[in-house]
Amino acid sequence: MKRLLVVIAIVVLLAGCGKSTESDVDGHTGCYDNEYSAGIERIGVLSSTDGGESWDFLGDACFHAMNLIPVDPSPLAVDDGIALYFLDLLTLNRPDSDTVIYRAETEDGLEFSEPIFALTYPNDITDPYVLRLDDGTYRMFVGSPADPASIISASSGN
């Protein structure tokens with residue numbers, strides 16, 4: 001079976017809902033407008049079946065997490081799904097809290113599990129990128145806009 005190539009990109013939309021394959025009791029599919037996040041930001045999901053030559057918009061990623069603003073997505077293929085690492089924009093540039101990167105999982109690319117803490121850092125960080133190494137461990141790279149600007153790396157067990 002051919003595996004769909006799914007790319008997750010940030011798409012800022014002011015209206016509209018994501019799609020999913022299942023509907024709730026009133027026939028609605030995906031997130032309601034007030035369920036995506038605490039802001040207007042959306043993480044749009046696009047799919048390609050021709051090796052990336054053309055793309056179809058599937059909808060917006062749904063986290064059902066009104067206390068987060070998910071941005072800077074970093075998708076990682078795991079088992080039969082995708083683990084998505086993302087920055088919570090609400091924790092950026094706040095002197096009273098650490099910057100937080102979350103992890104959520106999905107099988108369809110649209111409906112995600114409840115986000116869990118993946119990394120907290122006492123200074124501002126941005127743009128997480130996660131990859132799985134040949135030895136089964138994971139490596140995350142994040143940007144640090146502090147003076148001087150730098151790239152920070154962290155590792156995790158398998």
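For Asp134 and Thr49, a Förster radius of 35 Å and the Cβ-Cβ distance give a FRET efficiency of 0.80, rounded to the nearest 0.05.
Applying 0.36 nm per residue to the separation of Ala146 and Asp98 and subtracting their alpha-carbon distance, the gain on full extension is 15.9 nm. Between the alpha-carbon centres of the range 114-158 and the range 78-112 there is a gap of 12 Å. Most tightly packed first, judged by the mean number of other beta-carbon atoms within 10 Å of their residues, the peptides 85-91, 143-149 read 85-91, 143-149. Specify whether the C-alpha gyration tensor of the range 53-158 places it in the rounded, prolate or oblate class, a ≥ b ≥ c being the square roots of the eigenvalues: rounded for a/c under 1.5, otherwise prolate if a/b is larger than b/c and oblate if not. Note, shape of the range 53-158 comes out oblate.
Over the range 29-158, what relative contact order in percent results from Cα pairs under 8 Å that are six or more residues apart? Relative contact order here is 17 percent. What the phi angles of the range 74-87 give under the Karplus curve with 6.51, -1.76 and 1.60, with θ = phi - 60°, is a coupling list of 10, x, 9, 5, 9, 6, 9, x, 9, 9, 10, 9, 8, 8 Hz, glycine and proline written as x.
None of the figures in this text is laboratory data; all of them are computed from the coordinates on show. Remember, predicted model here, so these are calculated numbers, not experimental data. Here the Cβ is made from the backbone with ideal geometry for all residues, glycine too, and neighbour counts use every protein chain on show.
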